[in-house]
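K.L.:
This is the structure, below, for whatever I ask next.
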Amino acid sequence: MILNLLIAGFGGQGVLFMGKAAAETAMLTGKEVSWLPSYGPEMRGGTANCSVCIDDKPISCPLITEPETLAVLNGPSFDKFIGAVKPGGRAFIDSSLIQKKTGRADIAAFYIPAATLAEEAGMKGLGNIVMLGAIAKETGFAPLETLEEAIRAVVPASKSALIDANIRALHLGYGYGG
(Lines give C-alpha, C1' and ligand atoms only; values in the text may rest on other atoms or scores of the structure.)
Protein backbone atom coordinates (compact mmCIF):
# COMPACT_ATOMS: atom_id res chain seq x y z
CA MET A 1 0.00 0.00 0.00
CA ILE A 2 1.44 3.36 -1.05
CA LEU A 3 -1.05 5.46 0.90
CA ASN A 4 -3.96 4.50 3.11
CA LEU A 5 -5.40 7.90 4.11
CA LEU A 6 -8.44 8.85 6.15
CA ILE A 7 -9.30 12.55 6.06
CA ALA A 8 -11.83 13.87 8.58
CA GLY A 9 -13.36 17.19 9.58
CA PHE A 10 -16.52 19.28 9.24
CA GLY A 11 -18.38 19.74 5.97
CA GLY A 12 -17.18 22.95 4.37
CA GLN A 13 -13.52 22.42 5.31
CA GLY A 14 -12.76 20.79 1.97
CA VAL A 15 -12.34 17.27 3.33
CA LEU A 16 -13.84 15.63 0.25
CA PHE A 17 -12.00 17.98 -2.13
CA MET A 18 -8.71 17.17 -0.40
CA GLY A 19 -9.44 13.46 -0.91
CA LYS A 20 -10.37 14.03 -4.56
CA ALA A 21 -7.08 15.83 -5.16
CA ALA A 22 -5.12 12.96 -3.58
CA ALA A 23 -7.08 10.41 -5.62
CA GLU A 24 -6.58 12.34 -8.86
CA THR A 25 -2.86 12.51 -8.13
CA ALA A 26 -2.76 8.72 -7.88
CA MET A 27 -4.66 8.31 -11.14
CA LEU A 28 -2.24 10.65 -12.90
CA THR A 29 0.66 8.45 -11.79
CA GLY A 30 -1.07 5.27 -13.00
CA LYS A 31 -1.76 3.87 -9.55
CA GLU A 32 -4.80 1.95 -8.39
CA VAL A 33 -7.02 4.27 -6.35
CA SER A 34 -10.24 4.42 -4.43
CA TRP A 35 -11.97 7.49 -2.99
CA LEU A 36 -14.86 6.85 -0.64
CA PRO A 37 -16.63 9.91 0.81
CA SER A 38 -18.81 9.85 3.91
CA TYR A 39 -20.75 12.79 5.27
CA GLY A 40 -23.70 13.62 7.45
CA PRO A 41 -27.06 14.85 6.18
CA GLU A 42 -26.02 18.48 6.34
CA MET A 43 -23.03 18.67 4.00
CA ARG A 44 -21.80 22.08 5.15
CA GLY A 45 -21.21 22.05 8.90
CA GLY A 46 -21.94 18.35 9.43
CA THR A 47 -19.28 15.72 9.82
CA ALA A 48 -17.36 14.63 6.76
CA ASN A 49 -14.61 12.17 6.08
CA CYS A 50 -13.22 10.24 3.17
CA SER A 51 -11.01 7.26 2.63
CA VAL A 52 -8.33 7.39 -0.05
CA CYS A 53 -6.41 4.23 -0.92
CA ILE A 54 -3.49 4.35 -3.34
CA ASP A 55 -1.63 1.22 -4.35
CA ASP A 56 0.24 -0.52 -7.18
CA LYS A 57 -2.12 -3.50 -6.85
CA PRO A 58 -5.93 -3.61 -7.07
CA ILE A 59 -7.59 -2.35 -3.89
CA SER A 60 -9.78 -4.97 -2.27
CA CYS A 61 -11.70 -2.71 0.12
CA PRO A 62 -12.08 1.08 -0.16
CA LEU A 63 -13.21 1.52 3.45
CA ILE A 64 -10.46 2.45 5.89
CA THR A 65 -11.18 1.51 9.48
CA GLU A 66 -7.54 1.46 10.63
CA PRO A 67 -5.77 4.23 8.72
CA GLU A 68 -2.03 4.18 8.29
CA THR A 69 -2.29 7.92 7.67
CA LEU A 70 -4.89 10.17 9.28
CA ALA A 71 -5.55 13.84 8.54
CA VAL A 72 -7.84 15.55 11.04
CA LEU A 73 -9.15 19.07 10.62
CA ASN A 74 -11.30 19.45 13.75
CA GLY A 75 -11.54 18.34 17.38
CA PRO A 76 -14.46 15.91 17.07
CA SER A 77 -12.67 14.08 14.25
CA PHE A 78 -9.49 13.93 16.34
CA ASP A 79 -11.47 12.39 19.21
CA LYS A 80 -13.22 9.91 16.92
CA PHE A 81 -10.30 8.70 14.78
CA ILE A 82 -6.97 9.16 16.59
CA GLY A 83 -7.36 5.82 18.38
CA ALA A 84 -7.97 4.01 15.08
CA VAL A 85 -4.58 4.82 13.51
CA LYS A 86 -2.52 1.66 13.03
CA PRO A 87 0.53 1.37 15.28
CA GLY A 88 3.45 2.74 13.31
CA GLY A 89 1.10 5.06 11.40
CA ARG A 90 0.99 8.82 11.09
CA ALA A 91 -1.50 11.47 12.16
CA PHE A 92 -1.55 14.94 10.60
CA ILE A 93 -3.37 17.29 12.95
CA ASP A 94 -4.41 20.87 12.16
CA SER A 95 -3.01 22.41 15.33
CA SER A 96 -4.64 25.75 14.62
CA LEU A 97 -8.07 24.11 15.07
CA ILE A 98 -7.22 21.24 17.44
CA GLN A 99 -5.57 22.08 20.75
CA LYS A 100 -5.18 18.47 21.90
CA LYS A 101 -2.10 16.28 21.57
CA THR A 102 -2.20 12.55 21.13
CA GLY A 103 -0.82 10.51 23.98
CA ARG A 104 0.01 7.67 21.61
CA ALA A 105 3.70 6.85 21.45
CA ASP A 106 3.17 4.21 18.76
CA ILE A 107 2.35 6.69 15.96
CA ALA A 108 4.08 9.71 14.46
CA ALA A 109 2.07 12.89 15.04
CA PHE A 110 2.54 15.99 12.90
CA TYR A 111 1.00 19.18 14.28
CA ILE A 112 0.55 21.58 11.38
CA PRO A 113 -1.29 24.90 11.84
CA ALA A 114 -2.76 24.51 8.35
CA ALA A 115 -5.78 26.83 8.69
CA THR A 116 -3.64 29.58 10.25
CA LEU A 117 -0.88 29.23 7.66
CA ALA A 118 -3.44 29.53 4.87
CA GLU A 119 -5.17 32.52 6.43
CA GLU A 120 -1.90 34.37 7.15
CA ALA A 121 -0.91 33.85 3.49
CA GLY A 122 -4.21 35.37 2.31
CA MET A 123 -5.73 32.00 1.42
CA LYS A 124 -8.44 31.62 4.05
CA GLY A 125 -10.29 28.34 3.62
CA LEU A 126 -7.38 26.49 2.01
CA GLY A 127 -6.02 24.84 5.14
CA ASN A 128 -7.06 21.51 3.64
CA ILE A 129 -4.68 22.00 0.73
CA VAL A 130 -1.89 23.21 3.02
CA MET A 131 -2.40 19.94 4.91
CA LEU A 132 -2.34 17.92 1.68
CA GLY A 133 1.00 19.50 0.77
CA ALA A 134 2.44 18.58 4.18
CA ILE A 135 1.18 15.01 3.85
CA ALA A 136 2.68 14.69 0.38
CA LYS A 137 6.04 15.94 1.62
CA GLU A 138 6.14 13.60 4.62
CA THR A 139 4.78 10.47 2.92
CA GLY A 140 6.29 10.96 -0.54
CA PHE A 141 3.16 9.50 -2.13
CA ALA A 142 3.52 11.74 -5.21
CA PRO A 143 5.77 14.43 -6.67
CA LEU A 144 4.73 18.03 -6.08
CA GLU A 145 4.34 18.61 -9.83
CA THR A 146 1.80 15.79 -10.06
CA LEU A 147 -0.16 17.24 -7.15
CA GLU A 148 -0.25 20.58 -8.98
CA GLU A 149 -1.59 18.84 -12.07
CA ALA A 150 -4.23 17.10 -9.96
CA ILE A 151 -5.35 20.41 -8.44
CA ARG A 152 -5.78 21.84 -11.94
CA ALA A 153 -7.89 18.80 -12.87
CA VAL A 154 -10.21 18.73 -9.85
CA VAL A 155 -10.94 22.43 -9.37
CA PRO A 156 -14.25 22.90 -11.19
CA ALA A 157 -14.33 25.28 -14.17
CA SER A 158 -16.68 27.58 -12.25
CA LYS A 159 -13.93 28.06 -9.64
CA SER A 160 -10.92 28.15 -11.96
CA ALA A 161 -9.88 31.49 -10.45
CA LEU A 162 -8.93 29.51 -7.32
CA ILE A 163 -6.42 27.22 -9.02
CA ASP A 164 -3.40 29.45 -8.37
CA ALA A 165 -4.33 29.92 -4.70
CA ASN A 166 -4.73 26.15 -4.29
CA ILE A 167 -1.31 25.56 -5.82
CA ARG A 168 0.24 28.20 -3.54
CA ALA A 169 -1.44 26.52 -0.56
CA LEU A 170 -0.04 23.16 -1.68
CA HIS A 171 3.47 24.64 -1.81
CA LEU A 172 2.99 26.26 1.60
CA GLY A 173 2.19 22.90 3.17
CA TYR A 174 4.91 21.09 1.25
CA GLY A 175 7.47 23.58 2.50
CA TYR A 176 6.24 23.68 6.10
CA GLY A 177 9.05 22.63 8.41
CA GLY A 178 7.35 22.99 11.79
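The values are calculated or read from the model by the stated rules, or taken from the named source; none is laboratory data. Model, not experiment: these values are computed from the prediction. Cβ atoms come from the backbone with ideal geometry, glycine included; neighbour counts cover every protein chain shown. We work out accessible area using only protein heavy atoms, side chains counted, and drop any ligands, DNA or RNA first. Shrake-Rupley method; radii C 1.70, N 1.55, O 1.52, S 1.80 Å.
K.L.:
Give me the number: length gained by fully extending Glu148 to Met27, i.e. 0.36 nm times residue separation minus the C-alpha to C-alpha distance, one decimal in nm.
P.N.:
42.2 nm
K.L.:
Count neighbours as other Cβ atoms within 10 Å of each site's Cβ, and list the trypsin sites (Lys or Arg not before Pro) in region 1-84 that are DSSP loop with at most 12 such neighbours.
P.N.:
Those satisfying the criteria are Arg44.
K.L.:
Still on this model: Ranked by accessible surface with a 1.4 Å probe, highest first, in what order do Ser160, Ser95 come?
P.N.:
Greatest to least solvent exposure: Ser160, Ser95.
K.L.:
Output the relative contact order of the chain, whole-number percent, from Cα pairs under 8 angstrom with separation of 6+ residues.
P.N.:
Relative CO of the chain lands at 21 percent.
K.L.:
Rounded if a/c is under 1.5, else prolate if a/b is larger than b/c, else oblate: which is the chain, with a ≥ b ≥ c the root eigenvalues of its Cα gyration tensor?
P.N.:
Since a/c stays below 1.5, the shape of the chain is classed as rounded.
K.L.:
Of Gly103, Ala23, Ile54, which is farthest towards the positive pole of the chain's charge dipole, taken about the Cα centre with +1 and -1 on the beta-carbons of Lys, Arg and Asp, Glu respectively?
P.N.:
Farthest towards the positive pole: Gly103.
K.L.:
Now a separate question. Could you check the simple spin-label distance between Ser38 and Ser158, using points 7 Å along Cα→Cβ, in nm with one decimal?
P.N.:
So the label points at Ser38 and Ser158 sit 2.8 nm apart.
K.L.:
Another question, then. What does the charge add up to near Asp56, with Lys and Arg as +1, Asp and Glu as -1, over the other residues with Cβ less than 14 Å from its Cβ?
P.N.:
Residues close to Asp56 contribute a combined charge of 0.
K.L.:
Please state the charge dipole magnitude for region 28-178, taken about the Cα centre, from unit charges on C-beta atoms (+1 on K and R, -1 on D and E), reported in debye and rounded to the nearest 20.
P.N.:
Result for region 28-178 is approximately 260 debye, rounded to the nearest 20.
K.L.:
Out of the total accessible area of the chain (probe 1.4 Å, heavy atoms of protein only), what percent is carbon and sulfur?
P.N.:
Solvent-exposed carbon and sulfur of the chain make up 53 percent of the total.
K.L.:
For region 12-65, just say rounded, prolate or oblate: build the C-alpha gyration tensor, square-root its eigenvalues into a ≥ b ≥ c, call rounded for a/c under 1.5, and beyond that prolate if a/b exceeds b/c, oblate if not.
P.N.:
oblate
K.L.:
Additional query: Suppose R0 equals 41 Å. What FRET efficiency, 1/(1 + (r/R0)^6) with r the Cβ-Cβ distance, do Glu120 and Cys61 give to the nearest 0.05?
P.N.:
0.55
K.L.:
Additional query: Among Lys101, Lys86, Lys124, Lys159, what's the order by accessible area (1.4 angstrom probe), most exposed first?
P.N.:
Sorted by accessible area, descending: Lys124, Lys101, Lys159, Lys86.
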